[in-house]
Every structure is written in C-alpha cells, then in structure tokens.
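What follows draws every value from the coordinates through simple rules; no lab data is involved. Please read all numbers here as calculations on a predicted model, not as lab measurements. Backbone-built Cβ (ideal geometry, glycine too); neighbour counts: all protein chains shown.
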Amino acid sequence: MYKIAVENASLSKEDVVFDLYCGIGTIGIFAAKNAKKVYGIEIVEEAVKAAKENAKINNIENIEFIAGDTEKILDDLIKIAKPDVVFVDPPRKGLDKISISNILKVEPKKIIYISCNPASLVRDLKELEEKYEICKITPIDLFPFTSHVECVAVLQLKWDV
C-alpha cells in the first residue's frame with residue numbers, strides 16, 4: 001500500500017512533503033528517500049518517538065516528526081514550509097474541516113489520501129474537489145474475508161494537471 005502511495009506521488013528531490021497522521025512514520029520515511037524534506041505530524045507521542053527511532057535506524061535525516069493534533073500543528077507548519085505533496089492517512093472519521101481548509105489554502109501539487117473508511121473518504125474528496133482532480137483511487141484488501149478495505153486516492157491540483 002505504501003509503495004502504491006509513494007509511487008503515485010511522483011516525488012522529486014526538490015519536493016517538500018507533509019505526512020499527516022503519520023503514526024510511526026512509515027510513509028514519510030519511505031517517501032523521504034525521494035524528497036527534499038518531509039514533515040510528519042502525529043498526535044500519539046509514543047508513535048512520534050517510534051517514528052524518530054525508525055528514521056534513525058533507516059539513516060533518514062531529511063525528516064522531522066512533530067507530536068500534536070494535526071488540526072492545530074498543520075496551521076503552524078504551513079507558516080514555515082509549503083508542501084509540494086501531502087500524504088494523509090487519517091483515522092476512520094476522516095479529515096477535519098480545519099485541516100481540509102489548510103490543505104486547500106497551501107495548494108500542494110498532489111495529495112495522496114490513504115483511507116480505511118470509504119464513506120469519510122468520499123465526503124472529504126467532495127471538499128477537496130474544489131481545487132483538485134481525483135486522478136485515481138486504488139482499493140486494497142489488507143483484511144481478507146472482512147468488509148474492510150483500504151483505499152489510496154491520488155489527487156492533483158486542477159491547474160497543475
């Protein structure tokens with residue numbers, strides 16, 4: 001799933017990446033190899049500690065993890081860095097209105113939205129379609145014989161298509 005997400009981001013060594021709801025940093029660490037700088041935000045402090053350790057183990061130095069609520073931290077982060085690509089992997093409830101507003105405000109070239117809840121994904125995509133074209137949605141069955149499905153949605157800024 002992460003390989004699909006990062007490949008669809010088409011990162012360059014000049015790209016600044018935001019990894020929102022980054023957990024233990026897996027997506028951001030995977031993406032950092034092809035990016036200029038990655039910023040990961042996660043509310044669970046133990047996960048941020050693990051993310052920092054994961055980056056160290058993998059010799060990734062162009063990544064910074066920030067502990068805190070994405071809704072609040074993102075507002076501060078966009079004042080110091082403008083993302084070219086944003087990865088989001090929110091909880092089942094999806095993105096909050098403030099984070100969607102902030103993403104729309106900074107207009108990254110691409111958004112890679114990883115979702116474990118198709119209903120909240122569809123709701124959030126409707127909001128993001130204001131400025132983004134949905135290029136592709138890939139369903140991934142990580143939990144066979146259950147009704148759960150993960151999806152990787154690729155969105156491109158409309159005037160960058």
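Tabulated data for the structure shown
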quantity	calculated
Span from the region 121-150 Cα centroid across to the region 9-67 one, whole angstrom	22 Å
Theoretical gain in end-to-end length, Lys56 to Lys97 [0.36 nm per residue, Cα-Cα removed]	11.4 nm
Calculated diffusion of region 78-148, Stokes-Einstein form, Kirkwood radius summed over Cα pairs, 4 °C and 1.567 mPa s, µm²/s	98 µm²/s
About the Cα centre, charge dipole magnitude for the chain (Lys/Arg +1, Asp/Glu -1 at Cβ), debye	220 debye
Selection from Ser99, Leu128, Val86, by position along the positive dipole direction of region 77-149 (Cβ)	Ser99
Within straight-line cross-link reach of Lys36, aspartates and glutamates at Cα separation under 17 Å, skipping those fewer than 8 residues along the same chain	Glu7, Glu14, Asp15, Asp19, Glu61, Glu64, Asp84
Computed E for Lys36/Thr146 - FRET, C-beta separation, R0 30 angstrom, nearest 0.05	0.20
Fraction in percent of alpha-carbon pairs per bin - 10 Å, the chain	11, 43, 38, 8, 0
Sites matching trypsin sites (Lys or Arg not before Pro) across region 82-161 that sit in DSSP coil, with at most 15 neighbouring C-beta atoms within 10 Å	Arg92, Lys93
Estimated inter-spin distance, Ser12 and Ile80, nm [label 7 Å along Cα→Cβ]	2.6 nm
Listed pairs Lys3/Lys136; Lys3/Lys56; Lys97/Lys131; Lys79/Lys131; Lys33/Lys110; Lys3/Lys158 exceeding 22 Å between Cα atoms	Lys3/Lys158
Label-point gap, in nm, between Ser120 and Ile66 - each point 7 angstrom along Cα→Cβ	2.1 nm
Of Pro108, Gly28, Ser12, farthest towards positive along the dipole that unit charges on Lys, Arg, Asp, Glu beta carbons give region 2-130	Ser12
Inter-probe distance in nm under a simple model that places probes 7 Å from Cα toward Cβ, at Ile137 and Val106	2.5 nm
In region 1-48, trypsin sites (Lys or Arg not before Pro) in a DSSP loop with at most 16 other beta-carbon atoms within 10 Å	Lys13, Lys33, Lys36
